[in-house]
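To keep things clear, I will list the structure first and then write my remarks on it.
The values are calculated or read from the model by the stated rules, or taken from the named source; none is laboratory data. Owing to the predicted nature of the structure, the values given are computational and were not obtained by experimental measurement. So basically every Cβ, Gly included, is an ideal-geometry build from the backbone, and we count neighbours across all protein chains shown. The protein model used for the area step is the full one, side chains on, heavy atoms only, and it has no ligands, DNA or RNA in it. Shrake-Rupley method; radii C 1.70, N 1.55, O 1.52, S 1.80 Å.
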Amino acid sequence: MNCHGDAAAQVKPGNNKMKILLMGNPNVGKSVVFSKLTGVHVDSSNYTGTTVDYTIGDINFGKQQGVMIDVPGTYSLEATSEAEKVAVALLEEGADVVICVLDATHLERNLGLAFELKEYPIPIIYCLNLMDVAERQGIKIDAEKLAEELGSPVIPTVAIKNQGLRELMQTAVKLSKERKDSEPKLDEEEKWNRIKEIVSKVQAQVDKELTFIEKLEDWTIQPWPGIPIAILVLIASLGVVVGGGKALRAVVLLPLVKQVIVPFLTKIISLVIPAGIFRNVLVGEFGILVIGIEWPFALILPYVFLFYVVFSFLEDSGYLPRIGVLADGVLRRIGIQGGNIIPMMLGYGCAVPAILGTRAANTNKERIMVAALVSFAVPCASQSGAFFALLGDKSIFALIFVYLLSILAMLAVGVILDRIIPGKSQPMLLEVPNLLLPDKDAYKKKLKLRMKHFMMDAEGAMFIGIIVAAIIAETGILNEFSKLLGPFVEGWLGLPKEASLSLLLGIIRRELAVLPMLEMNLNTLQLTVGAIVALFYLPCLSVFGVLTKEFSLKTALFIALITIVSAFLFGGLFNQVGRLILGLMG
Amino acid sequence: MPLAHGEKLSTYRIQALPSSHLLKVLGFRKGTQFTIQSKQPFKGPIVVKVGNRSIAIDYDIANEILVEEVVQN
């Protein structure tokens, strides 16, 4: 998700570094082929002037070196969507060879793109993937006959099991030395008739009994039992993230940080730096080296890591679009298409990729709505980590309450935004991918890339926030600030005046609005108020930045304003009502 | 009959459909046959099975696709 400029353009075809374009329809196992064929240097880039990201990786095959570009998946090359525009642009930049991945279980539709690629003067090799799934479904394809019909080599593969990939690369290297002329464009009618003819020649289908996976594929797309299954999956995911995160924290990370790393650093610093403000800023109660290690690594990292472990798994298994289909009926009531549930779920990890994820295929209205909903009421993994740390031990009900409130708020805000933002949402029209067990290599690469981006984007900002916190806390600026905000924080929100620090730091990172409250000995009402304020509060600086970049400063300021106002409004209301009820109960 | 009024597990053939690039590339043409796999509550999408693949179609689009039932024996 970094903007590296066009890494693809830096490698010109024709020199001894080979350039391979990996193309295909969406959901044909392209990324698995990519991760199996490329080495360790993989990065994602944004294609300049578009909202589409593509991945580029290095290849080493025998003596042959080069790069492979994972072109965004498309059904055709008519440049009617952003992804298609990028695919066409990458083709026009040129390459030594195109590997076109075909889904053996959906041959007819896949051949549409296969034919359009023939119009370019680049040698093509067809990778007939998912042969195992096809076999399971009773589909038999004669690859040799298909190669004859297409006029280019066809290599059957099961990428996930590494089958056929060696032969694929050998053929690709051989073909890259050859030249190919472009073929004339067929008109639509002619093309599909020709495809029908080819499919009837090369493909045979026998009826087979439904396998368990096929039954599961059917169940997960029916309201019953699909919706209960979806709820179970979400609860199980939450269980892994919360339970696993807590365990990791309590058993491994906290003892490591508190008993080993921090005492060690404190000892060293105490030897070198005399007691005083400077030493306090480094290793005092809010010291940079104390909090700066404990918060990001012991409190936040385990939750973020486990969130991506679970989310990437669900994503690669092909399950998420099914949730989108099931949720479409409800989400359409608030003016957005069901598919948007995926960036919204990603928002539970981090709002930044979620907002970038809204680029995918939606209308501008949907983009703004999803971005606003995510900024407004979806707690990110770091923030959730902080909530669990804050409320998990004290009151599990308060924790559940905060999450229910976030869902209610989303529905309410959705209904309001649907009225005030002009435009329409794009109706759902999507192919539901097969369910499959994610490939280990592709999964690991994705996880690594996500954690790398998290470390760079989030930990840096968090560390800066902690430095600011240490300085204002240890130098007495905080006291001045607390005096100023004190009456408001104490009177309206019912929190101790030190909580002003949370509000100040919350601007930098979401979870920093919560974490300082850990040290304040608050009662359950105060904790819940704190959590509510933090839930709705201004998203972190990175979110503000990405909103400005993706939309406009005006939109970012507007979202910032409504989030801050509602944070104080709802937090305060909850406090006042809560006190009233507690007072009545005596 | 509009596809939106079709019944689960019945098979239909397309008689007329709105011109849409995405419908076309997903393989929906006049004469295409499919079976309704599921219908979602609250006028959610209709999921149809064309060959081996499942495609979710928005309710309003499904309303614009005219189909006739294919009686299977």
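A crude spin-label estimate for the pair B:Arg13 and B:Glu68, with each label 7 Å from Cα along the Cβ direction, gives 0.7 nm. Using the beta-carbon distance between A:Met451 and A:Gln65 and R0 = 25 Å, what value does 1/(1 + (r/R0)^6) give for FRET efficiency, to the nearest 0.05? The value I calculate is 0.35. Apolar share of the accessible surface for chain A: 65 percent from carbon plus sulfur atoms, 1.4 Å probe.
Our note on the geometry: Cα centres of the range A:191-239 and the range A:516-586, 43 Å apart. Placing +1 on each Lys and Arg Cβ and -1 on each Asp and Glu Cβ, with no other charges, gives chain A a dipole about its Cα centre of roughly 1320 debye. Each helix, a run of at least 4 DSSP H residues, gives -39500 (n - 2.57); summed and divided by the residues of chain A, these come to -17500 deg cm²/dmol at 222 nm. Is the range B:3-69 best put as rounded, prolate or oblate by its Cα gyration tensor, with a ≥ b ≥ c the root eigenvalues, rounded for a/c under 1.5, and otherwise prolate when a/b is larger than b/c, oblate when not? Rounded is the answer for the range B:3-69, as its axis ratio a/c remains below 1.5.
Using the Karplus relation 6.51 cos²θ - 1.76 cosθ + 1.60 with θ = phi - 60°, the per-residue 3J(HN,Hα) values for the range A:118-130 come to 4, 6, 9, x, 10, x, 10, 10, 9, 9, 8, 8, 6 Hz, with x marking Gly and Pro.
Helices assigned as whole DSSP H runs in chain A whose Cα atoms extend at least 30 Å along their own long axis and whose mean Kyte-Doolittle hydropathy is -1.0 or higher are found at A:223-247, A:396-420, A:553-584. Helices in chain B, meaning DSSP H runs of at least 4 residues, each add -39500 (n - 2.57). Divided by all residues, the mean residue ellipticity at 222 nm is -3000 deg cm²/dmol.
When only alpha carbons are used to place a centre, the range B:3-73 and the range A:113-166 end up 28 Å from one another.
Exposed loop sites here mean trypsin sites (Lys or Arg not before Pro) with a DSSP loop assignment and at most 14 other beta-carbon atoms within 10 Å; chain A contains its longest site-free run at A:209-393.
The residues of the range A:176-223 occluded by other protein chains by 40 Å² or more of accessible area, set against the chain on its own, are A:Trp192, A:Ile221, A:Gln222, A:Pro223; surface from heavy atoms, 1.4 Å probe.
Strictly over 24 Å apart at the Cα level, which of A:Lys424/A:Lys446; A:Lys267/A:Lys483; A:Lys63/A:Lys174; A:Lys215/A:Lys446 would you flag in this model?
Checking Cα-Cα distances, A:Lys424/A:Lys446; A:Lys267/A:Lys483; A:Lys215/A:Lys446 exceed 24 Å.
For chain B, the solvent-accessible area of protein heavy atoms averages 46 Å² per residue (probe radius 1.4 Å; ligands and nucleic acids excluded).
Ordering A:Asn27, A:Thr74, A:Ile125 by the projection of their Cα atoms onto the charge dipole of the range A:7-208, which places +1 on the Cβ of Lys and Arg and -1 on the Cβ of Asp and Glu, puts A:Ile125 at the extreme positive end. Remark: accessible area buried at the A-B interface is about 2600 Å², both chains counted, probe radius 1.4 Å. Considering only A:Trp492, A:Val304, A:Val378, and ranking their Cα positions along the charge dipole of chain A that arises from unit charges at the beta-carbon of Lys, Arg, Asp and Glu, the one farthest toward the positive end is A:Trp492. If you sort the three axes of the alpha carbon gyration tensor as a ≥ b ≥ c, you get a/c of 1.5 or more for the range A:46-116 and a/b no higher than b/c, which makes it oblate. By the compact-protein rule of thumb, 2.2 N^0.38 Å, the alpha-carbon radius of gyration of the protein assembly as shown corresponds to a ratio of 1.06. Protein heavy-atom accessible surface, 1.4 Å probe, per residue over the range A:7-208: 42 Å². Shape class of the range A:157-209 from the Cα gyration tensor (axes a ≥ b ≥ c, square roots of the eigenvalues): oblate, since a/c reaches 1.5 or more and a/b does not exceed b/c. Summarising the strand pairing of the protein assembly as shown, around 65 percent of its internal DSSP beta bridges are antiparallel. Projecting the Cα atoms of A:Phe481, A:Ile562, A:Gly347 onto the charge dipole of the range A:223-584, computed from C-beta unit charges around the Cα centre, puts A:Gly347 farthest toward the positive end.
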